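Novice: Before I ask anything, here is the structure I am working with.
The values are calculated or read from the model by the stated rules, or taken from the named source; none is laboratory data. Because the structure is a prediction, the values reported are computed rather than measured. Neighbour counts are summed over all protein chains in view; Cβ atoms, including those assigned to glycine, are modelled from backbone coordinates with ideal geometry.
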Amino acid sequence: MARSPINDFLQVGRFHVIDVSFTIPPILLPIFGFRGCSLPELNINMREIPEGNYEYPSKVVSGATVSNITLTQGVSLFNSDFWDWARKTVVGNKPAKDLLIVQFTRMGTSQNALGPNDDADLPTGNQIPPGLEYASRIPGRAWSCKRCRPTRYKPGTDFDGMSQEVSIAELDLVVEEFEEFNVGI
């Protein structure tokens with residue numbers, strides 16, 4: 001039985017990554033989009049403090065660390081954002097970037113709820129133009145990733161003469177800090 005989109009707002013396939021560090025030129029232009037993005041994880045470090053004769057030590061927070069995130073994107077002829085950012089980081093003239101990861105709901109502004117095939121539910125004359133598929137969706141959650149720097153770049157899928165798959169580029173980023181926001185309804 002299909003789940004109602006009213007009760008199941010957030011889906012893992014509806015997201016966008018945006019460069020919000022306000023530098024020229026921007027990286028990660030929204031027109032190219034992403035195939036995948038791992039979310040940062042917050043790991044809280046604990047320290048034990050013995051208290052006198054008491055047999056159980058107290059546990060206190062001693063800090064936190066943030067895991068790396070990985071962006072994956074289909075390789076295209078006119079997009080070298082991953083390479084440019086990684087190369088400039090190696091030579092030392094590219095500052096860290098602040099990124100915003102936005103997860104969209106299944107709810108659209110022109111409809112009460114979009115079904116599993118969002119664009120297929122629209123009448124033929126009301127198709128969403130390419131590149132604007134997220135314009136009619138409502139953001140549900142967002143993560144502000146601060147001071148991101150590349151740590152690994154893979155330019156595409158390994159070569160296989162028999163494969164007809166799309167080549168996927170990967171970029172691993174170290175994130176120093178992140179915040180989570182509920183931005184939707």
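Novice: For a quick check of your reading of the model, give me the residue pairs whose first member lies in segment 149-167 and is among the polar types (S, T, N, Q), whose second is at pLDDT 90 or above and not in a strand (DSSP E or B), with beta-carbon atoms closer than 8 Å and at least 6 apart or on different chains.
Specialist: Thr151/Asn68
Novice: Is it fair to say Asn43 is loosely packed, with under 12 Cβ neighbours inside 10 Å and not in a loop (DSSP other than H, G, I, E, B)?
Specialist: On the way: loosely packed, with under 12 Cβ neighbours inside 10 Å: yes; not in a loop (DSSP other than H, G, I, E, B): yes.
Yes.
Novice: Going through segment 77-99 one residue at a time, which ones are of a type outside the set (D, E, K, R) and under 20 Å from Phe15 (Cα atoms)?
Specialist: Residues of segment 77-99 that are of a type outside the set (D, E, K, R), as a first pass: 77-80, 82-83, 85-86, 89-93, 95-96, 99.
Listed by number, the residues that qualify are Asn79, Phe82, Leu99.
Novice: Of the conditions (1) of a type in the set (A, V, I, L, M); (2) touching an Asp or Glu at 6+ places or on another chain (Cβ under 7 Å); (3) modelled with pLDDT of 75 or more, Leu114 satisfies every one except a single condition; which number is it?
Specialist: Single failed check for Leu114: (3).
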